[in-house]
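Shown next, in structure tokens, is the structure this report addresses.
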Amino acid sequence: ATTEIYTLSLHDALPIYWESWRLCRSFINLTEWRVTCLTSFLDVQGKIHSQLDDVIDSNCQPRLQDKGSLPYLETTTMEISRHSSRVYATRPHRVFSDTTLGRYDVPENSQVIFDLLVVHQDPKHWKDLDTFDLTQFLDDDGNFVYTVTFGSIPFSGGPRGCIGQLSAKIPISSF
């Protein structure tokens, strides 16, 4: 059996290196925010702990499937993601057909880039932009509610969203 070795020029390797660095930095930033929020808001930490005790058997580890039963953890995750959004723009996305975005006509084959910081701080979607407010993702019965809107897209969106979304959400939920 032969092994093929692929070499990349510096020109081809730099974008891969840069994207890897961005993903690592985003994960570290999100972890720093989690620790900061959970140590700053001890009541939130206590509610998450209580909900974990109620839902997860003490002999088991939380699983990704348990997320639906942990609305307080999920809303905390989303609010931390909204506040810690430090990837300011999405990667360029190509428009497949003529479309209208807000009040702008966007011709086919245009490239669009979304400013995520503006999205996550849009007063049309959030009651108090600078407040860590978990009620923004909970309904009146305390259930997690998240409809995909342009109000919160911490991992970008669509089929070419953030490649690290799943690997970021698992540790966020289990943290």
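Sort 49, 83, 120, 125 from largest to smallest accessible area, using a 1.4 Å probe on the heavy atoms of the protein chains. Walk me through the intermediate numbers first.
Details: 49 110, 83 25, 120 0, 125 85 Å².
Order by accessible area, largest first: 49, 125, 83, 120.
Label points 7 Å out from Cα along the Cβ direction at residue 40 and residue 55: separation in nm?
According to this spin-label approximation, the distance is 2.4 nm.
Enumerate the amide H contacts of residue 106 below 5 Å, restricted to partners 5 or more residues apart or on another chain; note that Pro and chain-start residues carry no placed amide H.
99, 100, 101
If I stretch the segment between residue 104 and residue 135 completely, what's the gain in nm (0.36 nm per residue apart, minus their alpha carbon distance), one decimal? Write out the running numbers ahead of the final one.
Details: separation 31, 0.36 × 31 = 11.16 nm, distance 3.27 nm.
Working it through step by step, the gained length comes to 7.9 nm.
Could you tell me which trypsin sites (Lys or Arg not before Pro) in the stretch 70-120 are loop residues by DSSP with no more than 11 other beta carbons within 10 angstrom of their beta carbon? Present the calculation step by step, with values, prior to reporting the outcome.
On the way: sites: 82, 86, 94, 103; in loops: 86, 103.
Answer by residue number: 103.
The values are calculated or read from the model by the stated rules, or taken from the named source; none is laboratory data. Predicted model only: the values in this text are computed from it and were never measured. Glycine also receives a Cβ, built like all others from the backbone with ideal geometry; neighbour counts cover every protein chain displayed. The protein model used for the area step is the full one, side chains on, heavy atoms only, and it has no ligands, DNA or RNA in it. Shrake-Rupley method; radii C 1.70, N 1.55, O 1.52, S 1.80 Å.
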